[in-house]
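Notes follow once the structure below has been shown.
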Amino acid sequence: MSKNYRILDLLRRNHSPLENHLIDGLVDGRVSRRDFVRHGSLLGLSLPLLGRIGMAAGLGGMPSLARAQGASSATMRVACIVPTGAIDPISHSDGGCTLLVQQVGEFLCVDGPDLVLRPALAESWKPNDKGSVWTFKLRKGVKFHSGGEMKADDVVASFDRLADPDSSSNALSVFKGVLQKGATKKVDDYTVEFHLDAPNGNFPYMLSSDNYNAVIIPASYKGDYEKSFDGTGPFKLENYTPKVGASFVRNEDYWGPKALPDRTEFTFFDDIQPQILALQGGQVDVINQLPTFAGVGLLNDPNVDIISLKSSAHRQVHIRCDSDPFKDPRVRRAIALSIDRDKLVAGLMKGRASLGNDSPFATVFPSTDTSVPQRKQDIAQAKQLMDAAGAGKGFKVTLTTERFSEISAYAQLIQNWVKEIGIELDLNIMEQGAYYGDAVFGKSNWLDSVMGITDYGHRGVPNVVLAAPLKSDGTWNAAHFKNKDYDTLANSYVAALDLEAQQADAGKIQKLLLEETPIIFGYFFDYLTATAKGVTGVQPTAMGQLFLEKASKA
């Protein structure tokens, strides 16, 4: 298709220089169509507008999202991990709680499986010219299950709770240094401004389903969420029994299209194997998250469909930079060069993963600089680095980690690989609670160990993982990595509104981390959801949510 410059000129009108620069990048071929749509949605450009621009640029229209067709009276039955604590949208941090809260609660916008932001409780958003203030326009006529209309006061109260340092908010890991309590301002009943601590080009993701605590609840909320499960979503609570399960019914007063299922049932399990047996036995229709390592038997089962989403979820191998012999980055690089990443993807993860290149920049991120060479296994170079660092005779060290999913097997593979360069690696594999401890320095095997492996969930943008485990003052800096150049680059990346500026900073960060190697990012694993044959319209996210309003079964 040819470009229609007359239409493009019309579409450019009334748009900011930042938005028009993104359009120029698409027209000139500097920005791919996929990255254009994702970054354009971040800046608040509507998906229909992005589609029209793509057509005018000669790239064709956007694919439509057809609504599933099926029986509207079905009950969808879901197997999920048992929540570890009380259900509370402010403080919860585990997969079971995330899944249940999302059934009734909604976000200002939704980070889809393609990482494109779509409007939900907010109809639109836009930054100021610096990215230090973001303005969100709220949808009108949205009702909470308990009655009243959702308005700006509810949004302000919701984010003030999450940003309050004196609360038990799990979202402080996202909002620390970004958004303070009191910085969310009501403009009118349907307009809210977020005044940030510093410019932030990816901020809307922090208000989306990418931040699972960011559901909007009434300003009057005082606690005891398990009694009400109050929200604005397409399903309402029917019954909740701790440690057993929950059920929900269609919300007939929902602001959007009514859900196809009239009921959903969630059964709690302590482990994945009973979930697999329940799916195979017909007791459930969906397994929300299927770990590749444990669920390999289902991957080729003809009676099961696998929904596979590329994600940024990964396991971090931290190497403590303030401890001998790891003070020398050549030793850290040698360990990274001993690892066979192709075998990790093909063998350990059965092809359900992407290669990691020792930075948080996964291939799913549009800001990742894909021109940076991929690190490969090179035993000869690793031995040379060990010799140059004065560690050629080898040494003995302990790797401490958690007993979770494939991590124990990953640790054993590393143990075998580093043996080839003279390192004797003892493994200390602990229960998760003992590994994380109090999750503060001095009281955590995770944060205090010389080497360790930690599981990190998916994020739609790399901001949190760039900061918490890698910045000098990072709350999760298990590598004890302190590098002023890195801190400056990370801050510059976070502040950038322009995609090409983000990519430029990303490339510098990727190269710096390859040189320093405080953390090994060996692979980014796919998020898998298993459904019985005949089940359609199930939409998981790599954050652990499960959207069922379009689900049906034959």
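The values are calculated or read from the model by the stated rules, or taken from the named source; none is laboratory data. Worth saying up front: this structure is predicted, and the values here are computed from it rather than measured. In this analysis, Cβ positions are derived from the backbone assuming ideal geometry, glycine residues included, and neighbour counts consider all displayed protein chains. The area values use the complete protein model at the heavy-atom level, side chains included, leaving out ligands, DNA and RNA. Shrake-Rupley method; radii C 1.70, N 1.55, O 1.52, S 1.80 Å.
Listing for the model above:
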{"read-out": "Unmet criterion (only one of (1) among the hydroxyl-bearing types (Ser, Thr, Tyr); (2) without any contact (Cβ under 8 Å) to a residue 12 or more places away in the chain; (3) touching a Pro at 6+ places or on another chain (Cβ under 7 Å)) for THR488", "value": "(3)"}
{"read-out": "Selection count where residues are in a helix (DSSP H, G or I), closer than 20 Å to ARG118 by Cα and in contact (Cβ under 8 Å) with a residue 60 or more places away in the chain, scope region 138-157", "value": "1"}
{"read-out": "Exclusive hit being closer than 30 Å to LEU22 by Cα and either crowded, with 17+ Cβ neighbours inside 10 Å or touching a Lys or Arg at 6+ places or on another chain (Cβ under 6 Å) (or both), set VAL345, VAL317, VAL364, VAL331", "value": "VAL364"}
{"read-out": "Residue among ALA490, ALA495, ALA504, ALA532 that alone is of a type outside the set (Asp, Glu) and more than 30 Å from ASP24 (Cβ to Cβ)", "value": "ALA532"}
{"read-out": "Selected residue (only one of ASP324, ASP305, ASP358 is in a loop (DSSP other than H, G, I, E, B) and open to solvent by 20 Å² or more (accessible area, probe 1.4 Å))", "value": "ASP324"}
{"read-out": "Enumeration of residues in region 165-209 that are acidic (Asp, Glu), touching a Lys or Arg at 6+ places or on another chain (Cβ under 7 Å) and either over 13 Å from PRO127 (Cβ atoms) or open to solvent by less than 10 Å² (accessible area, probe 1.4 Å) (or both)", "value": "ASP189"}
{"read-out": "Of residues in region 281-302 being in contact (Cβ under 8 Å) with a residue 24 or more places away in the chain and among the polar types (S, T, N, Q), the one most open to solvent (accessible area, probe 1.4 Å)", "value": "GLN283"}
{"read-out": "Those strands (runs of 3 or more DSSP E) lying entirely in region 443-554 with at least 1 residues open to solvent by less than 40 Å² (accessible area, probe 1.4 Å), among the β-branched types (Val, Ile, Thr) and touching a Gly at 6+ places or on another chain (Cβ under 8 Å)", "value": "519-525"}
{"read-out": "Residue match in region 503-525 (condition: of a type outside the set (Phe, Trp, Tyr), over 30 Å from ALA389 (Cα atoms) and out of contact with any strand residue (DSSP E or B) (no Cβ under 7 Å at 6 or more places or on another chain))", "value": "yes"}
{"read-out": "Test: GLU226 is acidic (Asp, Glu), open to solvent by 10 Å² or more (accessible area, probe 1.4 Å), in contact (Cβ under 8 Å) with a residue 24 or more places away in the chain and in a strand (DSSP E or B)", "value": "no"}
{"read-out": "Residue list for region 329-353, filter: within 18 Å of SER405 (Cα to Cα), free of Cβ contacts under 8 Å to residues at least 60 places away in the same chain and assigned to a helix (DSSP H, G or I)", "value": "ALA346, GLY347"}
{"read-out": "Residue in region 465-480 that is β-branched (Val, Ile, Thr), touching a residue at least 12 places away in the same chain (Cβ under 8 Å) and within 16 Å of ILE509 (Cβ to Cβ) present", "value": "yes"}
{"read-out": "In region 376-419, residue least open to solvent (accessible area, probe 1.4 Å) [restricted to those that are within 16 Å of ARG330 (Cα to Cα) and acidic (Asp, Glu)]", "value": "ASP378"}
